[in-house]
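Presented below is the structure to which this report refers.
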Amino acid sequence: MKRGILFFLISMAALLAQGCMFDVQNADIMRPPKLTTEFEEVKTLLDEFYGSGLKLMNPSSGVLRAAIQFIDLNNDQQEEAVAFFKDQNEQNALKVAILQKNSSGDGWRILPTIVGIGYDVDQVGFPDLDGDGTKEIVVGWLGGSMLSKGLSVYKSNLPTTEADQGLQQFEEIFREVYTNFHIADLDMDGTDELVTFLLSRPDNMAEASLYILDQDGMKKQDEVSLANDANRYERMISGLVEDGRYGIVLDASLSGGASFSEVLVEREGKLIRRFGTSGASNKSPTYRFDFRLTEDVDRDGWVEIPTLISPVGYDRVAKRDVPWITLWNHWDSEGNMVPVFRTYDDQSLGFRIMLPQSWDNTVTLTRNDQGIAFAEVQEDGIERVKILEVIVIKRSDAEQVDAQMKSLGYFELSRTMDHFYYGKTFSHDTLTMTEFGMTEQQLADAFAVLN
């Protein structure tokens, strides 16, 4: 074994010297987490109530993916349990069970069952659409295709103040077809709004609709057309956007792996579309010829839209082989993109580096299957002085060679279930200009593992 490890280290050192690194293996499948006591308690009660035909159904998209959700629906500081399941005793009917804690806090009672539509659960949400303190239940049901999705809104038959005095029941008050939906407090008045998205390539149609709930029920407040050449909608996120307003950022994919973003804000009850183009989406300022999603990168509440820039020296390299730098942008009320910061995101190796503001076009990088190296390009455009390296090693290998890696000047940046991430800086090298150098602490602060 020692001889094998020694050979491994010698081979690794030789590969590093040549700029080559060994492959990263695929991640092992993670074991499912153990069920919580409360989850098991609810599951047992459901089995007793509905019989052996109950099959829990996890929503297939959205943020809330658990088959049993625990949420305070009536604002009484007690969480209800909302379970999505198929009843195999009734021809696999989709159902929603709502369980409330007894007033004593000991045990549960089951409210009248909601019977759904379709064959699967797509997405769920629990907004307060009318501001009465009681949350509605929004469920997207899957039918037979992307267009055959049905969205239902269920509202309690009792106000919050009476929910614990009678038998509460959630009744369907609205149904609509959709492709995706998103819930957000767009006007920041404390009450949520529902925005549905409908995309139909055969009909050359794409639109977003804004719905509100008042004493007369659900009603469409406004609608706006969107780019109709999207292949599919990948994700919607909401957050602060232009001028401190709240908005929804929609990421869409195009054929060939490209992507682009659209932004929706609300002004005086009207949906306003940002970055809309009259032609093809590849003319949009948010167009990316590689797949990237919007994020709140620095977790400050503001959403950033990514665009891609090429490092210096890759003018004659095929786009698919370029290690792209991601430029993250805010935008103003006129739809102008305002660059904020830059990162290098390595999707396959699973890490991100926040690049210093001082780095300009004289800093570039090289990449292979094991990691990356940033370097400063000298005036002749050819000679390069290394600034830093990041190397990713399979965990089973790293555990054997961790000490030797550190003896070679590498330090551990992070580790996951599958990989160790090592970094090395060259700021001590007198050939590296001081404004481009990084200390180990600066590299550690700039490094993050991607989800």
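The values are calculated or read from the model by the stated rules, or taken from the named source; none is laboratory data. On a predicted model such as this, the values are computed, not experimentally measured, just so you know. Glycine gets a Cβ as well: all are built from the backbone with ideal geometry, and neighbour counts include every protein chain shown. Heads up: the accessible areas ignore ligands, DNA and RNA and are worked out on the full protein's heavy atoms, side chains in. Shrake-Rupley method; radii C 1.70, N 1.55, O 1.52, S 1.80 Å.
Tell me, what is the FRET efficiency for residue 386 and residue 157 to the nearest 0.05, using R0 = 45 angstrom and their Cβ-Cβ distance as r?
0.10
Given the pairs 155/270; 101/219; 86/220; 43/95; 55/220; 149/220, which span a C-alpha to C-alpha distance of over 23 angstrom in this model?
155/270; 101/219; 86/220; 55/220
Kirkwood Rh, region 305-391, all Cα pairs: how many Å?
This gives a value of 14.0 Å.
Any idea how far apart residue 416 and residue 223 come out in nm if each label point goes 7 Å out from Cα toward Cβ?
Taking the two extended label points, one gets 4.1 nm.
Residue-wise, which Karplus ³J(HN,Hα) couplings in Hz belong to region 71-80, taking 6.51 cos²θ - 1.76 cosθ + 1.60, θ = phi - 60°, and x for glycine or proline?
Per residue, the Karplus-derived 3J(HN,Hα) values read 8, 7, 7, 10, 6, 9, 6, 10, 7, 8 Hz.
Which length gain, in nm to one decimal place, applies between residue 172 and residue 79 when the Cα-Cα distance is subtracted from 0.36 nm times their residue separation?
31.3 nm
Name the residues whose placed amide hydrogens come within less than 5 Å of the amide hydrogen of residue 288, ignoring near sequence neighbours (fewer than 5 apart) on the same chain.
Here 259, 260 satisfy the definition.
Please give the length that would be gained between residue 106 and residue 320 if that part of the chain were fully extended, namely 0.36 nm times their separation in residues minus their C-alpha to C-alpha distance (nm, one decimal).
Separation in residues times 0.36 nm, less the Cα-Cα distance, equals 71.1 nm.
At a 1.4 Å probe radius, carbon and sulfur cover how many percent of the accessible area of region 318-426?
Solvent-exposed carbon and sulfur of region 318-426 make up 47 percent of the total.
For residue 399 and residue 63 in one chain, what is 0.36 nm times their gap in residues minus the Cα-Cα distance, to one decimal in nm?
117.5 nm
For region 236-345, which GluC sites (Glu not before Pro) are in a loop by DSSP, counting at most 15 other Cβ atoms within 10 Å?
Passing both the DSSP loop test and the Cβ count: 268, 334.
Cα atoms only, region 294-451: Rg and Dmax in Å?
16.4, 56
To the nearest 0.05, how large is the calculated FRET efficiency for residue 200 and residue 444 if R₀ is 51 Å and r is the Cβ-Cβ distance?
The computed FRET efficiency comes out at 0.60.
What is the spin-label model distance, in nm, from residue 362 to residue 72 if the labels are put 7 Å beyond Cα along the C-beta direction?
5.7 nm
Using the Karplus equation 6.51 cos²θ - 1.76 cosθ + 1.60 (θ = phi - 60°), what ³J(HN,Hα) coupling, rounded to whole Hz, does each residue of region 340-349 give in order, writing x for Gly and Pro?
10, 7, 10, 9, 10, 10, 9, 5, 6, 8
Residue 369 versus residue 298, label points 7 Å from Cα toward the beta carbon: distance in nm?
For residue 369 paired with residue 298, the spin-label model returns 3.8 nm.
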